[in-house]
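Every number here is computed from the coordinates shown, using simple stated rules; none is lab data. Fair warning: this is a prediction, and the values are worked out from it, not measured in the lab. Cβ placement follows ideal geometry from the backbone for every residue including glycine, while neighbour counts extend to all protein chains displayed.
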Amino acid sequence: MPRPSSLVLVAALSATMLVSGCSTTTSDDPPASSTTTSARPGVQVSGGAPAAQRAAYESQLVTAMRQVTQVWGTDWSSIPVRLVVAGSGTEFAEITGRPADGGVPAVTLADSRVVLHPKLWTSTTAAGRQVVLTHELTHVALGQGRLRGVPLWVIEGSAELTAYRASSLSTAQAAPTLSSQIRRGLVPTGPPSDAELRVTGGQTQPGAYQNAHAWCAFLVQRKGIRVFTDFVRRADAGDRGAFEKAYGVTPAALSKPYQAWLRGWS
């Protein structure tokens, strides 16, 4: 079944930072925001949030672009970067078609605009907001909001990997739910399924996005970041044999190595 054409970032808070994940929304043509500032050519920050918040997000947005480029070699000169910082839940709902209550704190739309709920500002740290922006800018850089038929772990795991690779957060901070599951003997055998990663009632399966991140980190550890990024680009382009071409086996064949790696990672 085709995926809807835009991505939603759903955040859950641990004690110190934001843990992020994505799913889908149905709003393809949101109305324009009322206020706009520019960080630099090709970068636009708009929305009804206070000017100080927009300025702070501008700075973090430029940092996110640099962090994405370090992994993906992105040439931003040909990719518009548009961030909408909503000033209220009502504005967020009008733009995205999602609930106004803040259950969904950020959305990447089909046209690659990233929309932030105002609660994101108060519900997490600056480090957590940086993770959110870098995650979302990965989707923008790779055009992932428009993809169909690509496993969600490829899309979400690649964004999570990029965001956390640039952070100084510990494994316990980045993946508290997954770490707890592993300690209790609930060790994943491979990447999460699409069903685990989809948002239902504002929630995903506990630890699913953290498992997508961990699986991608495991793949990077096996063959390096360039093999991984080449794999993601081929998979995003619709090559169903991309994994076997990159890693020489199916994901299922890596179950035991992945479990052993997870026990040390967590």
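Rounded if a/c is under 1.5, else prolate if a/b is larger than b/c, else oblate: which is segment 91-168, with a ≥ b ≥ c the root eigenvalues of its Cα gyration tensor?
On the way: a/c = 2.18, a/b = 1.13, b/c = 1.93.
It comes out oblate by the Cα gyration axes.
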Points 7 angstrom from Cα along the Cβ direction at SER167 and ALA252: gap in nanometres?
3.4
Karplus-derived 3J(HN,Hα), 6.51/-1.76/1.60, for each residue of segment 100-115, Hz, glycine and proline x
8, 7, x, x, 10, x, 7, 9, 9, 7, 4, 8, 6, 6, 9, 10
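What does the charge dipole of segment 38-118 about its Cα centre add up to, to the nearest 20 debye, if the Cβ of each Lys and Arg holds +1 and the Cβ of each Asp and Glu holds -1?
Values: 6 positive and 6 negative charges, 39 e Å.
Charge dipole, segment 38-118, about its Cα centre: 180 debye, nearest 20.
Taking the Cβ-Cβ separation of THR125 and ALA52 as r and a Förster radius of 22 Å, what is the calculated FRET efficiency to the nearest 0.05? If you can, show how the numbers build up before the last one.
On the way: r = 17 Å, r/R0 = 0.76.
After rounding to 0.05, the efficiency reads 0.85.
How charged is the neighbourhood of GLY87? Take every other residue with its Cβ under 13 Å from the Cβ of GLY87, and add Lys/Arg as +1 and Asp/Glu as -1.
On the way: positive: ARG54, LYS119; negative: GLU91, GLU94.
After counting each charged neighbour, the total is 0.
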With the dipole of segment 71-138 defined by +1 on each Lys or Arg Cβ and -1 on each Asp or Glu Cβ, the option from PRO118, ALA100, LEU83 whose Cα lies farthest towards the positive pole is PRO118
Cut-off under 5 Å, modelled amide H: who pairs with VAL199 long-range
THR24
With no solvent and one equal point scatterer per Cα, compute the Debye intensity ratio I(q)/I(0) for segment 173-225 at 0.18, 0.26, 0.31 Å⁻¹ and report its log10, rounded to two decimals.
-0.61, -1.06, -1.22
